[in-house]
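The values are calculated or read from the model by the stated rules, or taken from the named source; none is laboratory data. None of the values given here were measured: they were computed from a predicted structure. Cβ coordinates were reconstructed from backbone atoms using ideal geometry, including for glycine residues, and neighbour counts include every protein chain displayed.
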Amino acid sequence: MTGSPVSGERGRHGDGPTTGGALPVADSSRLRRAAFRLIRLDWRAFSVMVVLNALASAAGLAGPWLLGRIIDEVQNGAGVATVDRLALALLGLALAQFLLARYAGLIGHRFGERTLARIREEFTGRVLALPVGVVERAGAGDLTTRGTADVAAVGTMLRGAGPDVLIASVQAVFVLGAVVVLDPLLGGCGVLGLTGIWFAARWYMRRAVPAYLAEGAANSELAEQLAATTAGARTVEALGLGRRRLETCQEAIGRCRATRTRTLFLRSVLFPIVDVSYAIPVVAVLLVGGVLLGQGAVTLGTVVAAALYLRQLSQPLDVILLNMERLQSGAASFARVEGAGLAPRADHDAAAPEPADDRLQVSGVHYAYDGGPDVLHGVDLTVRPGERLAVVGPSGAGKTTLGRLLAGMDVPRAGSVTVGRVPVAGLDPARLRERVMLVTQEHHVFLGTVRDNLRIAAPEATDDELRTALAAVGASWIDELPDGLDTEPGPGGERLDGAQAQQLALARVVLADPHTLILDEATALLDPRTARHTERALAAVLAGRTVIAIAHRLQTAHDADRVAVLRDGRLTELGTHDELVTAGGAYAALWRSWHGGHPE
Ligand SMILES: Nc1ncnc2c1ncn2[C@@H]1O[C@H](COP(=O)(O)OP(=O)(O)OP(=O)(O)O)[C@@H](O)[C@H]1O
């Protein structure tokens, strides 16, 4: 009944590693395996739920059978006492069915909640295990949608549609089985009479999913057009665009109407067919039963019971049909939630040996983004402990990419990046942080206090250590904040500007105390005076440590111990500033043209 779980979902279809940034989506077979695994993890509750449902369905079957018995007994001249006994049994079994179904529902909901909690936890674990590069390329929107709307849709499926369809399916199987047991020929008639519903449901489902997706898209488009017109009302008025906007909105309304008419048409075909189809098996059983009754092959009670059973079948079938779409969209969401586990995982090796020293070694490194062309072509570079290396080159040369590889955020396609002969990307985050850290100009201020923000880098640090780190990067503004380290930056609280956020990030670096620091435009947001102050403070804190600066100002290159020049993903020059200027290559030309405007 669930159909293809990936029909019409928003993400990329298929299985396996991601391309083009989007996270993968699990295919049907992987989804089935995931569902069985979740059931196995809570198989006791699941089995109890199924058994109780089966018992409730069995108790429900007694009704028509007992009614048939009453008819037969009355026909055979039985007394009131017999009929009373049978009627009492009818009542008792109806009560048993009610209680069993309720208890099964309770266990089913508990199973659903536990499974949903498991799915949420697994999703969080999987997302946390994703390499930073994959998270960045997937985008916040995709991950957020999977973690919220998709998990919520799976929850709705587990709480509602899933158990309802399971219960209804068990009921339907029992009811059909009862008719077959009662009389195989009448049972066969009933099953044949139901084939119409099967074909109608298939016809509907094939068309309903794309039709409802089109309706949703048309609704979104209309909402967007209306919102854009409202937001830009002044511009629309000023430029006399009213007529054009009206036409655009009318077109959107037209598309909305067309898609709604389409879904209405589908429903208007399905529901009458289904209603008529419910009557067909009953009519078939009554006709064939009448003939058999004439031949004395069955009793009147059997025919009545069979007809009542088939009439009773409409209730579970209705539940199944009504929930098919919810199951489809729930399964599509489940495919997206499970898909997060198919993305390449950060390959941290807890058993990775301790790096022998702090020497960074880049050997024959090639790197390509998401299966695209190589953007680094066989880069070899050794960074000596304690040295200051500036990486320069034109835009797009691969400086940032090299910085990310050195910081272990991405893994080379070929070749290796090691620290003390251990692959950098294999070190777990805590050990990596002690060795290498990348500081870029994107500085996130996390929810929580300034203290929380700083302790991310050093969970054990005391307030004094936090203040010392802030002082080291020149963040004297902390003393002016009303609540000091307890201040909660962010919306509704104290707002930190870009430079302050950057200083907070730099203070985190001071606290993490890495041996090697990779600066990618780390001080670019600060005004020149603050930048100089921060750089001076950093220089004092990081004295004797390795600094790899991705330099956009040639002054940084001039002050470095060595300069590496990247061009089109290749390391073209490497040496001290003086050596490179003397060599008269591209760096020398760059230096001369820059130096012309910035005399020493
Ligand atoms: N996320 C990405 N996906 C695909 N290609 C990328 C991605 N990031 C960078 N590239 C490509 O990789 C190449 C190297 O980019 P990179 O950002 O490393 O260069 P850069 O020297 O740091 O440039 P800039 O000085 O402009 O920051 C460029 O061709 C760029 O288009």
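Please go through the range 409-431 and give me each residue that is away from the ligand (no atom under 16 Å from the Cβ) and within 27 Å of the chain's Cα centre (by Cα), ordered by number.
425, 426, 427, 428, 429, 430
Output the residue which, of all residues in the range 347-361 that are out of contact with any helix residue (DSSP H, G or I) (no Cβ under 7 Å at 6 or more places or on another chain) and surrounded by 15 or more Cβ atoms within 10 Å (Cβ to Cβ), is modelled with the highest pLDDT.
Initially, the range 347-361 is screened for residues out of contact with any helix residue (DSSP H, G or I) (no Cβ under 7 Å at 6 or more places or on another chain), giving 350-351, 353-354, 356-357, 359, 361.
If we keep only those that are surrounded by 15 or more Cβ atoms within 10 Å (Cβ to Cβ) too, we end up with 359, 361.
Working: 359: 87, 361: 91.
Across the range 347-361, the extreme among qualifying residues is 361.
Can you tell which of 311, 257 is free of Cβ contacts under 8 Å to residues at least 12 places away in the same chain and farther than 30 Å from residue 35 by Cα?
On the way: 311 fails: free of Cβ contacts under 8 Å to residues at least 12 places away in the same chain.
One residue alone meets the criteria, 257.
Within the range 180-237, can you find the residues that are closer than 30 Å to residue 302 by Cβ and outside any helix (DSSP H, G or I)? If you could, list the steps in order and put the result at the bottom.
At the first step, the residues of the range 180-237 found to be closer than 30 Å to residue 302 by Cβ are 180-201.
Selection gives 183 alone.
Is it true that some residue in the range 194-213 is under 20 Å from the mean Cα position of the chain (by Cα), on the phi < 0 side of the Ramachandran plot and at pLDDT below 80?
Taking the range 194-213 as the starting set, the residues that turn out to be under 20 Å from the mean Cα position of the chain (by Cα) are 213.
Of the ones still in play, those that are also on the phi < 0 side of the Ramachandran plot are 213.
Next, from what is left, pick out any that are at pLDDT below 80: 213.
The answer is yes, given that some residue of the range 194-213 is under 20 Å from the mean Cα position of the chain (by Cα), on the phi < 0 side of the Ramachandran plot and at pLDDT below 80.
Out of 459, 385, report the one residue that is in contact (Cβ under 8 Å) with a residue 24 or more places away in the chain, assigned to a loop (DSSP other than H, G, I, E, B), in the same structural domain as residue 566 (by TED's automatic domain parsing) and on the phi < 0 side of the Ramachandran plot. Don't jump to the end; show me each part of the working.
Working: 459 fails: in contact (Cβ under 8 Å) with a residue 24 or more places away in the chain.
From the options 459, 385, the qualifying one is 385.
Which residues, counting only those in the range 7-48, are surrounded by fewer than 17 Cβ atoms within 10 Å (Cβ to Cβ), modelled with pLDDT under 80 and of a type in the set (S, T, N, Q)?
Within the range 7-48, 19 is the sole residue that qualifies.
Does residue 490 satisfy being in contact with a Phe, Trp or Tyr (Cβ under 9 Å, 6 or more places away or on another chain), assigned by TED's automatic domain parsing to the domain that holds residue 438 and modelled with pLDDT under 85?
When the stated conditions are applied, residue 490 passes them.
Residue 301 passes all but one of (1) over 30 Å from residue 158 (Cβ atoms); (2) surrounded by fewer than 19 Cβ atoms within 10 Å (Cβ to Cβ); which number fails?
Against the list (1) over 30 Å from residue 158 (Cβ atoms); (2) surrounded by fewer than 19 Cβ atoms within 10 Å (Cβ to Cβ), residue 301 comes up short only on (2).
Can you report the number of residues in the range 405-455 which are closer than 19 Å to residue 358 by Cα and aromatic (Phe, Trp, Tyr)?
Final tally of qualifying residues: 0.
Can you find, within the range 77-106, the residue that is farthest from residue 334 (Cα to Cα) among those that are at pLDDT 90 or above and touching a Leu at 6+ places or on another chain (Cβ under 7 Å)?
100
Can you tell which of 184, 210, 281 is within 30 Å of residue 305 (Cβ to Cβ) and surrounded by fewer than 18 Cβ atoms within 10 Å (Cβ to Cβ)? Spell out how you get there, then give the answer.
On the way: 210 fails: within 30 Å of residue 305 (Cβ to Cβ); 281 fails: surrounded by fewer than 18 Cβ atoms within 10 Å (Cβ to Cβ).
Within the list 184, 210, 281, the selection yields 184.
How about the range 115-142: which of its residues are more than 16 Å from the ligand (Cβ to nearest atom) and either among the β-branched types (Val, Ile, Thr) or touching a Leu at 6+ places or on another chain (Cβ under 8 Å) (or both)?
115, 116, 118, 119, 124, 127, listed by residue number.
Somewhere in the range 456-479, is a residue of a type in the set (Val, Ile, Thr) and within 27 Å of the chain's Cα centre (by Cα)?
Filtering the range 456-479 down to residues of a type in the set (Val, Ile, Thr) leaves 456, 462, 468, 473, 478.
Add one more test, that the residue is within 27 Å of the chain's Cα centre (by Cα), and what stays is 456.
Yes, because at least one residue in the range 456-479 is of a type in the set (Val, Ile, Thr) and within 27 Å of the chain's Cα centre (by Cα).
Of all residues in the range 349-403, which are away from the ligand (no atom under 13 Å from the Cβ) and polar (S, T, N, Q)?
361, 363, 382
Taking the options 106, 176, 93, name whichever one is in the same structural domain as residue 339 (by TED's automatic domain parsing), exposed (fewer than 15 other Cβ atoms within 10 Å of the Cβ) and of a type in the set (A, V, I, L, M). If you could, list the steps in order and put the result at the bottom.
Details: 176 fails: exposed (fewer than 15 other Cβ atoms within 10 Å of the Cβ); 93 fails: exposed (fewer than 15 other Cβ atoms within 10 Å of the Cβ).
Being in the same structural domain as residue 339 (by TED's automatic domain parsing), exposed (fewer than 15 other Cβ atoms within 10 Å of the Cβ) and of a type in the set (A, V, I, L, M) holds for just one of 106, 176, 93, which is 106.
Return the total of residues in the range 498-542 being modelled with pLDDT under 75, of a type outside the set (A, V, I, L, M) and surrounded by fewer than 22 Cβ atoms within 10 Å (Cβ to Cβ).
11
Just to verify a result, which residue in the range 151-173, among those that are polar (S, T, N, Q) and surrounded by fewer than 22 Cβ atoms within 10 Å (Cβ to Cβ), is farthest from the chain's Cα centre (by Cα)? Lay out the reasoning, then the answer.
Of the residues in the range 151-173, the ones polar (S, T, N, Q) are 156, 169, 171.
Adding the requirement that they be surrounded by fewer than 22 Cβ atoms within 10 Å (Cβ to Cβ) leaves 156, 169.
On the way: 156: 16, 169: 30 Å.
Among them, the one singled out is 169.
Take the residues in the range 548-582 that are more than 16 Å from the ligand (Cβ to nearest atom) and at pLDDT below 90, then tell me which one is surrounded by the fewest Cβ atoms within 10 Å (Cβ to Cβ).
555
Suppose the filter is part of a helix (DSSP H, G or I), buried (at least 21 other Cβ atoms within 10 Å of the Cβ), within 16 Å of the ligand (Cβ to nearest atom) and not acidic (Asp, Glu); does residue 438 pass it? Talk me through it step by step, then tell me what you get.
Working: part of a helix (DSSP H, G or I): no; buried (at least 21 other Cβ atoms within 10 Å of the Cβ): yes; within 16 Å of the ligand (Cβ to nearest atom): yes; not acidic (Asp, Glu): yes.
The answer is no for residue 438.
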